[in-house]
Amino acid sequence: MLDITELSRLSGCPASKLRYYEEIGLIRSSGRKGLKRLFEEEVTTRLALISLGQTAGFSLDEIRALIGAEGRPELDRAALERQADKIDRKIGELTALRDGIRHIAQCSASNHLDCPRFKRIMRAVLKRRA
C-alpha cells in the first residue's frame, strides 16, 4: 500500500491531481492511514494509462471509458484507431506548416507577400480557421 504522498512521488502526479482522479472515478483509494489516502501499488498502472491517454489526446472522460472503473482495462480498439487517425491528420497539418515556415524563412522574394507559396499558405490557414 502507498499513501498519497508516496504515490505522488512515485508517479510524478501532484496529490491534488490524484485526489481529483479519485473524485471523477479514474482511480480508487483502498482506505486511509490517518488523514492520508492509501492506494494499492497497481494504481500506478492506471496512472500510466491515464498519462498515455492524455498524451494521445484523449479527454479524461474518454480515458475513463477506455480503461473502465476497476480491474484490467479493456481498451476500445475502434476508439484507439480513431484517435490514431486524428493524430495522423494532425501530423500531416504540422508537417505542412513546418515545411511552409521553412520555405518562408528561406524564400528569396524581397517581400513575403510577393511569394505565391506564402500566399497559398495564408489562404490555407484562413480556410482551416473558417
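List of remarks:
- One residue stands out in the range 54-85 among those that are surrounded by 13 or more Cβ atoms within 10 Å (Cβ to Cβ) and over 21 Å from THR44 (Cα atoms): the one that is farthest from the chain's Cα centre (by Cα), namely ALA79.
- Residue within the range 35-49 that is surrounded by 13 or more Cβ atoms within 10 Å (Cβ to Cβ) and assigned by TED's automatic domain parsing to the domain that holds ALA124 present: no
- Of all residues in the range 109-118, those satisfying the criterion of being over 15 Å from ALA96 (Cβ atoms) and part of a helix (DSSP H, G or I) are HIS112, LEU113, ASP114, PRO116.
- Which numbered condition SER16 fails, given (1) assigned to a helix (DSSP H, G or I); (2) in contact with a helix residue (DSSP H, G or I) (Cβ under 8 Å, 6 or more places away or on another chain); (3) farther than 30 Å from ALA124 by Cβ: (2)
- ASP114 vs. criteria surrounded by fewer than 12 Cβ atoms within 10 Å (Cβ to Cβ), closer than 30 Å to SER11 by Cβ and at pLDDT 85 or above: no
- Selection status of LEU7, touching a strand residue (DSSP E or B) at 6+ places or on another chain (Cβ under 8 Å), surrounded by 14 or more Cβ atoms within 10 Å (Cβ to Cβ), touching a residue at least 12 places away in the same chain (Cβ under 8 Å) and outside any strand (DSSP E or B): yes
The values are calculated or read from the model by the stated rules, or taken from the named source; none is laboratory data. Here the structure is a predicted model, which is why all the values come from computation and not from measurement. With ideal geometry, Cβ positions are generated from the backbone for all residues, glycine too; neighbour counts draw on all protein chains shown.
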